[in-house]
Amino acid sequence: WRIAGHSGPGRRGVRRRRAGQLRRELERHEAVHPPRLVELREHPRLELGRALMRQDRAREAAAVVAPALRGEVDASNLYVTRTELHELLAQAYDRAGIRDSAAVHYRAVVRAWANADEAFHVRRDVAQTWLARYKLMTDNR
């Protein structure tokens, strides 16, 4: 059904087009970086959030990933850690300019990976460095 004088795809068409763009982005990513077995089971919200971040759509990434932290532990969050979700949310909020929310999630990353294996040190250190810069920025206000 069309509304008289209305042209274009409408909201549904735009959403479908965006979904298709995200799907193509994910396919391109997987072509370059074939998924490992563990990644095949990761939470779809995390992957969609990463795809949105690659497209500089930080606010949308945060909106997609945030509900995953509220999910039940034994639900679909089983194959992704809460720390990974916090890390992506921190990055999304930072890029979106929502620094106070980014700080909350970066603190969670630092706490969770305080005594982590060496493989996580770089990611933990990035979070610590961001928090130090944020502290300087807020202290100088």
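Once the Cβ-Cβ distance of Q128 and Q55 is raised to the sixth power relative to R0 = 22 Å, the FRET efficiency obtained is 0.20. Around V110, with a cut-off of 13 angstrom between Cβ atoms, what is the net charge of the other residues, counting Lys and Arg +1 and Asp and Glu -1? Summing Lys and Arg as +1 and Asp and Glu as -1 gives +3.
Which FRET efficiency value, to the nearest 0.05, is calculated for E118 and R82 with the Förster distance at 25 angstrom and r the Cβ-Cβ distance?
Details: r = 21 Å, r/R0 = 0.82.
About 0.75, to the nearest 0.05.
Compare M137, M53 by solvent-accessible area with a 1.4 Å probe and give them largest first, with all protein chains kept in place. Don't skip to the answer; put the middle values down first.
Numbers: M137 90, M53 15 Å².
Heavy-atom accessible area, descending, gives M137, M53.
Please label the shape of segment 80-141 as rounded, prolate or oblate, based on the square roots a ≥ b ≥ c of the eigenvalues of the alpha-carbon gyration tensor (a/c under 1.5 means rounded; beyond that, a/b larger than b/c means prolate, else oblate).
Details: a/c = 2.51, a/b = 1.49, b/c = 1.68.
Judged from the Cα gyration tensor, segment 80-141 comes out oblate (a/c at least 1.5, b/c at or above a/b).
The values are calculated or read from the model by the stated rules, or taken from the named source; none is laboratory data. This one's a predicted model, so the numbers in the text were calculated from it and none came from an experiment. Every residue, glycine as well, gets a Cβ built from its backbone with ideal geometry; the counts of neighbours run over all protein chains shown. SASA here: full protein model, heavy atoms, side chains in, ligands and nucleic acids out. Shrake-Rupley method; radii C 1.70, N 1.55, O 1.52, S 1.80 Å.
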